[in-house]
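To start, the structure under review is shown below, and the notes come after it.
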Amino acid sequence: MNIFVLNCGSSSLKFQIIETDLDLIKDDKDRTLAKGLIERVGSQAIISFQVEGQPPLKQAAPLRDHRAALNYVIKWITDPETEIPGIRSLEDIHAIGHRVVHGEERFKKSVRIDKEVIAGIEDCIDLAPLHNPANLKGIYAAREQFGPSTPQVAVFDTSFHSTMPEISYLYAIPYQTYRRFKVRKYGFHGTSHRYISYRYRKLTGKEREDTNIITLHLGNGSSACAIKGGNSLDTSMGMTPLDGLMMGTRCGDIDPTVIEYLMHKEGTSIDEVFSVLNKRSGVLGISGLTNDMRDLLDEIKEHQDRRAILAVEMFCGKVRKYIGAYTAEMNGADAICFAGGIGENSPEIRKKIITGLDWLGIELDDSLNEQAYGGKAMKISSAKSRVEIFVIPTNEELILARDTLRVVLNVPRIW
Ligand code: ADP
């Protein structure tokens, strides 16, 4: 089956066309036939498309909204000159899988999209006002352009964390707030943590039930997850993705009193304070330079900028703290797995995080650590480390495609 996987952000559209079926999954041979990214939807968009095995095609075009962007993608896919293997017309795409950020408590699994599901996703907008509307735009546009006969599936960022016990997901505020308004931790990056856990099992031959690991998705958005017995036991993001680790522009853990205090001191609205916490905090806020970790590390090499160093130390310190907390919460873990743009590509950041965990018996192999970047999945711990350390490049799109297949075929868990 050829699955069109769609991930719509507020001003972006990412897609892949993935060939998958039950046999391909068994052999781990699903294949990305084409992929693309459109940024700055709403103005002069920057477009990058790529057919498997060919160089990327870069373009720019004015694209008013997600509908226009998807239309642009479809024109490219069906253009006879594009030549995506096995794709001549839209009929060669058999199903669509959408990434949906927030599924609240109602969506614990991926589901086929119908009127009721759309209404459910709309109901979650209160909890994810930045993300769910963009995901819905993708769903509406895909329905319009692919027609009702192409099945569409929603895969939620929150679903993997639906196994968290109350003790992890409740905030210590009056229980009524949970009962009445569903105020609780939901967690995000679920497809990524799920993929990393799956790939760890493939690498080690472990059974799902025996998988006790800490997964670290470190990118512009970052989160940690404690996976026990193959299930999410706890995760660092909260009711929204603002909580937990220090991120590119998000503050992570914070005393809520800071919000009221800043409103008084700065004379600003609550919206402005939240805009600071979401968009001008984290690594950017501390360094005053950039949210981009690679640029920050370059800056430190060139100028030894004090606040750049501070931002990096804080970022790594926070991840280390969560590793310690989750190790305690799980009563020990078998492995720590790094993923995300930073986790997959920066030996320097991984070393900084792991240094200081030697009292737990966790130790890197420096030479292996240096070799792990650019998409390689490998073990990077030393032979005598009590806990193994892996770099596992994430692949959320693969989970989206496989879940879409599973839902369309109506088969239970397939891997
Ligand atoms: P997003 O959360 O937007 O998906 P990514 O997972 O793509 O983010 O990660 C982006 C981050 O990864 C950026 O901060 C980028 O600088 C960082 N990054 C990518 N490559 C490297 C590298 N070689 N060294 C350090 N950081 C890197």
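List of remarks:
- Filtered by the rule that a residue be assigned to a helix (DSSP H, G or I) and either at pLDDT below 95 or away from the ligand (no atom under 16 Å from the Cβ) (or both), segment 321-340 gives 321, 322, 323, 324, 325, 326, 327, 328, 329.
- Some residue of segment 214-231 being on the phi > 0 side of the Ramachandran plot and not hydroxyl-bearing (Ser, Thr, Tyr): yes
- Here is the figure for segment 209-266: residues that are more than 16 Å from the ligand (Cβ to nearest atom), open to solvent by 10 Å² or more (accessible area, probe 1.4 Å), part of a loop (DSSP other than H, G, I, E, B) and farther than 22 Å from residue 125 by Cα total 6.
- Scanning segment 3-27 for residues that are open to solvent by less than 50 Å² (accessible area, probe 1.4 Å) and either part of a loop (DSSP other than H, G, I, E, B) or among the basic types (Lys, Arg) (or both) yields 9, 12, 20.
- Selection count, segment 84-117, where residues are of a type in the set (S, T, N, Q) and buried (at least 20 other Cβ atoms within 10 Å of the Cβ): 1
- A residue that is closer than 30 Å to residue 95 by Cβ, touching a residue at least 40 places away in the same chain (Cβ under 8 Å), open to solvent by 20 Å² or more (accessible area, probe 1.4 Å) and more than 20 Å from the chain's Cα centre (by Cα) occurs somewhere in segment 395-407.
- Contact map, segment 281-298: first residue within 8 Å of the ligand (Cβ to nearest atom), second residue modelled with pLDDT of 95 or more and open to solvent by 30 Å² or more (accessible area, probe 1.4 Å), Cβ cut-off under 6 Å, separation 6 or more or different chains; pairs are 283/291; 291/249; 291/284.
- Filter result for residue 393 (over 23 Å from residue 7 (Cβ atoms) and part of a loop (DSSP other than H, G, I, E, B)): no
- Here residue 361 qualifies as at positive phi, more than 13 Å from the ligand (Cβ to nearest atom) and open to solvent by less than 30 Å² (accessible area, probe 1.4 Å).
- Residue among 412, 393 that alone is within 30 Å of residue 107 (Cβ to Cβ) and either within 15 Å of the ligand (Cβ to nearest atom) or at pLDDT 95 or above (or both): 393
- Positions within segment 118-173 being part of a loop (DSSP other than H, G, I, E, B), of a type in the set (Ser, Thr, Tyr) and buried (at least 20 other Cβ atoms within 10 Å of the Cβ), in sequence order: 158
The values are calculated or read from the model by the stated rules, or taken from the named source; none is laboratory data. Quick caveat: nothing in here was measured; it's all calculated off a predicted structure. For neighbour counting, all protein chains shown are included, and Cβ atoms are generated from backbone atoms with ideal geometry for every residue, glycine included. These accessible areas exclude ligands, DNA and RNA; they are computed on the full protein's heavy atoms, side chains included. Shrake-Rupley method; radii C 1.70, N 1.55, O 1.52, S 1.80 Å.
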